[in-house]
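FYI, it's all coordinate maths here, none of it is from the lab. Just so you know, these numbers come straight off a predicted model, no measurement behind them. All Cβ positions, even for glycine, are placed from backbone atoms using ideal geometry, and neighbour counts span all protein chains on display.
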Amino acid sequence: MRLLVLGGTVFVGHAVAAEALRRGHEVVCAARGTSGAVPDGAELAPVERDAPDGLAAVAGERFDAVVDVAKISHPWVRDAVRVLGPNAGHWTFVSTISVYADMEKVSEDLLEPLYEDGRDDLARYGGIKVASEGEVREHLEDRAFIVRPGLITGPGDGSDRFGYWPGRFARGGRVLQPAGEGAMSQHIDVRDLAEWIVTASENRLVGTYDAIGPSRPLDEVLDGIRELVAPAGTEVTPASSEALLANEVQYWAGPRSLPLWLPPNHAGMTARGTAASEAAGLTFRSFEDQVRGALAEEEQRGVDRERKAGLTPTQEKEILDRLQA
């Protein structure tokens, strides 16, 4: 199979390219090449998707399958579909569960489509993905595989939204974590997502699917991480949502946050079903493999680095001291 990855230098795109190469496929990565390197064995085709003729390096070529991981740009998706779609045997578009309009409960209703570029405004992320999905279906419906991941974790993840916890527990000491309070958690390892995408490309699977792992209680997930990586003597202090908010701890991501912890009005974000995706071939590696993959990424990037999500050691200690007092 000759596979084109629109991207291929970082995280999901890189994982897809690497998995396809591992299976013996020919892989071309169309990217600027400034964010990272393509996997060994892949060909880099320099493109600039913001330019009018930015896909010229691969335009007119025949590919058995194309994988597009475009993040927040409907024009990128529109141009790729129209320029490359006629010569593609199969098309995967990586969307997101953020396309759903109601995050408080599980619903299939979608946001209104936004036909624009939103790389400067994450609030438009879901709507732009809805419009992008529509573009793919309109032109390639009989060849289109659309996947909607939730939180993607594992090697290459730079968001800190899952890796914070293996990195934190591995340091030991006193650890602040959210009390269970019925909260749930869902994620998918990037390696599982990549394997499914390559398999779908090989088998010409079509349709729209959520790409997410099983929903599990948040405290069960955190306890599982601790049991796998924490040194002896690690102490856990669960704090209620009321206590965390009183100490200005933020939900989910960003500075002064506790990753994986979501407000109650986002319960639907961590309760998506997996039956349809599993029936269509999605499989999951063991939880231990997922955690150790995330920890390896933490160690490679440096556990003491400045983070995009999580508490600094100083912030955590101050909050723990206040709670103890």
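Counting Lys and Arg as +1 and Asp and Glu as -1 over every other residue whose Cβ lies under 14 Å from the Cβ of ARG137, the net charge comes to -1.
Each Lys or Arg adds one and each Asp or Glu subtracts one; over the other residues with Cβ under 13 Å from the Cβ of PRO214, this totals -2. Computed about its Cα centre, the charge dipole of the chain is approximately 380 debye, with only Lys, Arg, Asp and Glu carrying charge at their Cβ. Taking the charge dipole of region 2-149 about its Cα centre, with +1 at Lys and Arg Cβ atoms and -1 at Asp and Glu Cβ atoms, the residue from ALA45, TYR115, TRP76 reaching farthest to the positive side is ALA45. Summing charges over neighbours of ARG32, with a neighbour being any other residue whose Cβ is under 13 Å away from its Cβ, gives -1 when K and R count +1 and D and E count -1.
If you put +1 on each Lys and Arg Cβ and -1 on each Asp and Glu Cβ, how big is the dipole of region 171-325 around its Cα centre, in Debye rounded to 20? Let's see the in-between values first.
Working: 16 positive and 24 negative charges, 58 e Å.
The calculated dipole for region 171-325 is roughly 280 debye.
Sequentially through region 45-50, phi angles give Karplus couplings (6.51, -1.76, 1.60; θ = phi - 60°) of 10, x, 9, 9, 6, 7 Hz, Gly and Pro residues having no value and appearing as x.
Secondary-structure-derived ellipticity at 222 nm for the chain, considering helices only, amounts to -10500 deg cm²/dmol, per-run term -39500 (n - 2.57) for DSSP H runs with n ≥ 4. Structural descriptor for the chain: relative contact order 18 percent, calculated from alpha carbon pairs under 8 angstrom and at least 6 residues apart.
The residue among GLY254, ALA325, GLN300 whose Cα reaches farthest toward the positive pole of the charge dipole of region 202-325, with charges on the beta-carbon of Lys, Arg, Asp and Glu, is GLY254. By DSSP, the beta bridges lying fully in the chain are antiparallel in about 10 percent of cases.
Taking TRP252, TRP91, TRP165 as the candidate residues, the one with maximal mean-square fluctuation in a Gaussian network model of the chain, Cα springs under 10 Å, is TRP252. Each principal axis of the Cα atoms in region 2-149 has its own extent, and those three values, largest first, are 44, 32, 31 angstrom.
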